[in-house]
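Undergrad: First, the structure itself, so that you have it in front of you.
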Amino acid sequence: MNKKKIDDSHLSFMRMAVKCADDNIRTGKGGPFGAVIVKNGEVVACTANSVTATNDPTAHAEVNAIREACKKLKTPDLEGCIMYTSCEPCPMCTSAIYWARINVVYYGNTKTDAEWAGFGDTQISAELGKPLEQRSIFFKRIGASDAIRSFEQWVELSEAEKSEVKNGTL
């Protein structure tokens, strides 16, 4: 992997993410996490964690930033964007980053720092490394013959129709 040059603009965007996290603590709206998404040198999203404010366990700063950026750019594809986040992303946020196709992520605190501060996710990472039948949450496949029909319908669409769905024009 190429090492990316760290210049003052990267540090400036990281400071914005940290300020979001700091402001979130000061206002009592949520945890100490902030994220910024930048495209072509312009900020398209600057958000904080809002898990407790919204009662949404998926409302991490990174996911909130992805949602805001996608809405603003009117696309689910954030290729060409850079994320700056105050902490190394958790497994859920890392997955969202991959799904959004963000190219580069810069982070401040590490997972070890988060663990020290009481925000550990090592148990989740450990669970994800296990086969389904060994996880602490029960997973069981049911209704497969019904569920597969949605995929069969998708596979039958033309590439043009799939493109329209993916681009939100259908």
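The values are calculated or read from the model by the stated rules, or taken from the named source; none is laboratory data. If you're wondering where the values come from, they're calculated on a predicted model, not measured in any experiment. Counting neighbours? That spans all protein chains shown, and the Cβs are built from the backbone with ideal geometry, glycine included. The protein model used for the area step is the full one, side chains on, heavy atoms only, and it has no ligands, DNA or RNA in it. Shrake-Rupley method; radii C 1.70, N 1.55, O 1.52, S 1.80 Å.
Undergrad: Have a look at Gln134, Gly120, Ser145 and report the one farthest towards the positive end of the charge dipole of the stretch 103-170, computed about the Cα centre with Cβ charges (Lys/Arg +1, Asp/Glu -1).
TA: After comparing all options, I get Gln134.
Undergrad: Now a separate question. Please calculate how many Å² of accessible area the chain carries per residue, with a 1.4 Å probe and no DNA, RNA or ligand atoms counted.
TA: Details: 11620 Å² over 170 residues.
Each residue of the chain exposes 68 Å² on average to a 1.4 Å probe.
Undergrad: How big is the dipole moment of the stretch 1-124 about its Cα centre under a simple scheme where the beta carbon of each Lys and Arg is +1, that of each Asp and Glu is -1, and everything else is neutral? Debye, nearest 20, please.
TA: On the way: 14 positive and 14 negative charges, 62 e Å.
For this selection, approximately 300 debye.
Undergrad: For the stretch 90-137 and the stretch 12-76, compute the distance between their C-alpha centroids and round to whole Å.
TA: Rounded to whole Å, the Cα centres lie 17 Å apart.
Undergrad: Take the alpha-carbon positions of the stretch 72-146, form their convex hull, and give its projected area averaged over all directions (one quarter of the hull surface) in nm². If you can, show how the numbers build up before the last one.
TA: On the way: hull surface 31.1 nm².
For the Cα atoms of the stretch 72-146, the hull's average projected area reads 7.8 nm².
Undergrad: Can you compute the radius of gyration and Dmax for the chain, using only the Cα atoms, both in Å?
TA: 18.5, 55
Undergrad: Hey, any idea what % of the stretch 32-170's accessible area is carbon plus sulfur with a 1.4 Å probe?
TA: 57
Undergrad: A further question on this structure: How large is the accessible surface of Thr122 in square angstrom, using a 1.4 angstrom probe and rounding to the nearest 10?
TA: Result for Thr122: roughly 90 Å² accessible.
Undergrad: Among the helices of the chain (complete DSSP H runs), which have Cα atoms covering no less than 24 Å along the helix axis and a Kyte-Doolittle mean of at least -1.0?
TA: Details: long enough: 8-27 (28 Å, -0.36).
Span-like helices, by this rule, are 8-27.
Undergrad: So, one more: Can you tell me the order of 144-152, 22-30 when each peptide is scored by its average per-residue count of other Cβ atoms within 10 angstrom, highest first? Intermediate values should be presented prior to the final figure.
TA: Working: 144-152: 8.4, 22-30: 14.2.
Listed from highest to lowest mean packing, they are 22-30, 144-152.
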